[in-house]
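Here the structure is laid out as structure tokens; the discussion comes afterwards.
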Amino acid sequence: MNKFILIASSLLLMSNILFGQKTPYKVVFDVTTKDTVVHQMVMRWVKEIVKSTPDAEIEVVYYAKSLDMITKGKSVVADEVIMYASKNNVTFKVCEAAMKNNKVDKDQLLAGVQMVPDGIYEIISRQHEGWGYIKASR
């Protein structure tokens, strides 16, 4: 009987330890569209994640035709991008190749947007580091 109680207590303690651990919240969003509804949707997701999990790490990567979301005078979510870009745990990164292809200069980017040489490689790197991946589309 004592062995049963000891084993049951040990299992209970181990389950609390195992299930009590929290997986780090790290997510990268892949944005490739000009669709402003998608741009608004991504910012809503960022807002909801930051609100529910303040220590989450969030990265939004732009390439292809999505650059309007982070371009001065074209973005419908400019204020939100600038606000969240000022936080330590939210980053917005744009592919330099896409900038060249879309004729967007770094001076046209919203404040806080960072450039990376290759947007796809940036996403792959985050996935390799264990980040979750979300393709933003509708």
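The values are calculated or read from the model by the stated rules, or taken from the named source; none is laboratory data. Only a predicted model underlies this, so the values are computations on that prediction, with no experimental measurement involved. Virtual Cβ from ideal backbone geometry, glycine too; neighbours counted across all protein chains shown.
Descriptive notes on the structure:
- Search result, residues across the range 62-82 that are closer than 19 Å to ASP105 by Cβ and not in a helix (DSSP H, G or I): TYR62, TYR63, ALA64, LYS65, SER66, THR71, LYS72, GLY73, LYS74, SER75
- Test: residue in the range 71-84 that is at pLDDT below 95 and among the small types (Gly, Ala, Ser): no
Yes/no per residue for (1) in a loop (DSSP other than H, G, I, E, B); (2) under 12 Å from the mean Cα position of the chain (by Cα); (3) over 19 Å from THR36 (Cα atoms):
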site	(1), (2), (3)
LYS93	no, yes, no
MET115	no, no, yes
SER125	no, no, yes
TYR133	no, yes, yes
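- Enumeration of residues in the range 49-70 that are closer than 11 Å to ALA98 by Cα and hydroxyl-bearing (Ser, Thr, Tyr): TYR62, TYR63, SER66
- Contacts under 8 angstrom Cβ, first residue in the range 124-138 being closer than 21 Å to MET69 by Cβ and among the charged types (D, E, K, R), partner in a helix (DSSP H, G or I) and modelled with pLDDT of 95 or more, 6 or more apart: ARG138/VAL37; ARG138/VAL38; ARG138/MET41
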